[in-house]
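A short write-up of the structure that comes next.
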Protein chains: 2
Amino acid sequence: MSKVEIVDLKANVLEENDVAADKTREHLKNSKTFLLNLMSSPGAGKTTTLLSIIKLLKDEMKIGIMEADIDSDVDAVKIAETGVRSIQLHTGGMCHLDAGMTEQGLASIGMDDLDLVVLENVGNLVCPAEFDTGSVKNTMILSIPEGDDKPLKYPLMFQVADAVIINKIDVAEYFDFDMDKAKAAIEKRHPGIPVFPICAKTGEGVEAYADWLRKEVKEWIG
Amino acid sequence: MSKVEIVDLKANVLEENDVAADKTREHLKNSKTFLLNLMSSPGAGKTTTLLSIIKLLKDEMKIGIMEADIDSDVDAVKIAETGVRSIQLHTGGMCHLDAGMTEQGLASIGMDDLDLVVLENVGNLVCPAEFDTGSVKNTMILSIPEGDDKPLKYPLMFQVADAVIINKIDVAEYFDFDMDKAKAAIEKRHPGIPVFPICAKTGEGVEAYADWLRKEVKEWIG
């Protein structure tokens with residue numbers, strides 16, 4: 001019985017969230033700001049990837065970063081060192097960001113003068129995929145040490161992503177990760193999705209992803 | 001408003017779950033079966049760790065493995081190849097196992113003749129930590145590529161764990177992972193918790209963890 005109640009509430013929550021997310025996109029459109037929602041497992045390299053993207057894009061657009069975590073501020077501190085605007089969002093134990101929390105973050109960071117805001121979501125391949133944050137596009141990072149079978153196990157994450165980054169290619173030889181198998185599994189979950197193998201630490205391959213992001217931002221902010 | 005409703009329901013769900021989990025432990029006690037709940041991020045090496053534990057313990061106790069995933073059966077197939085009883089639980093999109101789902105799994109696997117059942121939880125550092133599965137003990141695996149800052153970001157997971165395995169020590173030199181820093185952060189979250197650095201692939205260090213588990217199982221089943 002209680003199981004049915006939970007499911008209904010979840011449907012309502014998701015429905016309300018979708019409405020809020022559409023409103024957020026309207027705000028973003030009006031303020032000519034692009035919001036990217038960046039998702040991955042814990043430790044897949046979201047922050048390091050962001051650091052290398054910032055390096056490539058910060059001279060051509062105004063960037064702000066919202067770091068979401070259950071606790072700590074280690075990531076926001078790292079980002080702040082690059083000179084771009086950075087805030088830390090604490091989710092209070094929540095396993096994902098929803099549109100309301102994202103909207104609060106956007107109000108705090110002050111998006112009006114920003115071209116690109118990146119939301120670094122909580123490290124989690126399940127729940128963040130269910131909640132539309134109001135982002136214009138989603139990117140998910142799969143890292144080599146996690147294995148090539150992740151698209152089989154976490155289907156929704158790969159379905160809601162608009163681009164997939166495969167990070168830590170520098171250590172590929174030490175892991176049983178079959179790049180072709182991974183790409184085929186991703187393609188099966190989300191036909192036509194662009195996949196970018198990179199090494200965030202050295203910057204290898206990041207330019208190709210930055211090109212994709214640059215084009216998406218330009219299309220949105222006009 | 002709806003936010004308050006969610007929190008209340010969650011509290012109720014967690015309360016109901018705690019009651020169910022205590023019942024599961026009673027069933028386990030009566031059937032002289034030990035249930036271990038194994039948690040980690042996606043790709044931290046739960047299944048490979050299990051394979052190396054099975055190798056060490058399968059001649060001295062009857063083992064059953066319940067593989068939980070949102071989708072796919074790749075892990076259960078790997079486990080079945082070792083000859084121990086193995087079932088796959090599909091969570092239907094759920095990001096964690098609760099006590100009711102675990103009880104269903106135990107009924108399916110048939111625990112009466114098993115000494116040790118391991119539940120491989122969904123790869124996720126957040127939600128599984130919130131739901132008592134009815135396990136006798138919890139173990140969480142942190143893998144080197146995820147980084148030494150995870151205890152700072154996912155506090156509850158380290159608080160509910162009874163032992164921490166640090167996996168993939170064979171690739172430690174390719175990652176900026178400070179073992180002392182990780183251990184100190186874990187100790188801060190959960191004073192006195194045992195920490196086992198291992199390489200699940202080669203079996204290095206697994207004997208020490210198997211000793212811990214063997215002792216816990218004996219204490220429970222008498």
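Quick look at the numbers
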| read-out | value |
| --- | --- |
| Lone cysteines, chain B (no partner Cβ under 4.7 Å) | B:Cys199 |
| Evaluated over the range A:9-221, the Cα radius of gyration and Dmax, each in Å | 16.2, 47 |
| Cβ-placed point charges (K, R +1; D, E -1), dipole of the protein assembly as shown about Cα centre in debye, nearest 20 | 320 debye |
| Links that overshoot a 25 Å alpha carbon limit, given the list A:Lys23/B:Lys153; A:Lys181/A:Lys218; A:Lys78/A:Lys168; B:Lys29/B:Lys183; A:Lys153/A:Lys181; A:Lys55/A:Lys181 | A:Lys23/B:Lys153; A:Lys181/A:Lys218; B:Lys29/B:Lys183; A:Lys55/A:Lys181 |
| At least 18 Å along the helix axis (C-alpha) and Kyte average at least 1.6, DSSP helices within chain A | none |
| Paramagnetic reach from B:His27 in the range B:109-130 [backbone N under 12 Å; point 7 Å along Cα→Cβ] | B:109-112 |
| Under-5 Å amide H pairs with A:Ile165, H placed in peptide plane, nonlocal only | A:Met140, A:Ile141, A:Leu142, A:Phe196 |
| Volume per residue that the Cα convex hull of the range B:1-132 spans, once the total is divided by residue count, Å³ | 96 Å³ |
| Size-normalised alpha-carbon gyration radius of the range A:126-222, reference 2.2 N^0.38 Å | 1.09 |
| Per residue Cα convex hull volume in Å³ - calculated over the protein assembly as shown | 135 Å³ |
| Listed residues A:Ile70, A:Ile54, A:Ile166, most fluctuating in chain A (Gaussian network, C-alpha, under 10 Å) | A:Ile70 |
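Just so you know, all these numbers are worked out from the coordinates, no wet-lab data involved. These numbers come from a predicted model, not from an experiment. Cβ: placed from backbone, ideal geometry, glycine included. Neighbour counts: every protein chain shown.
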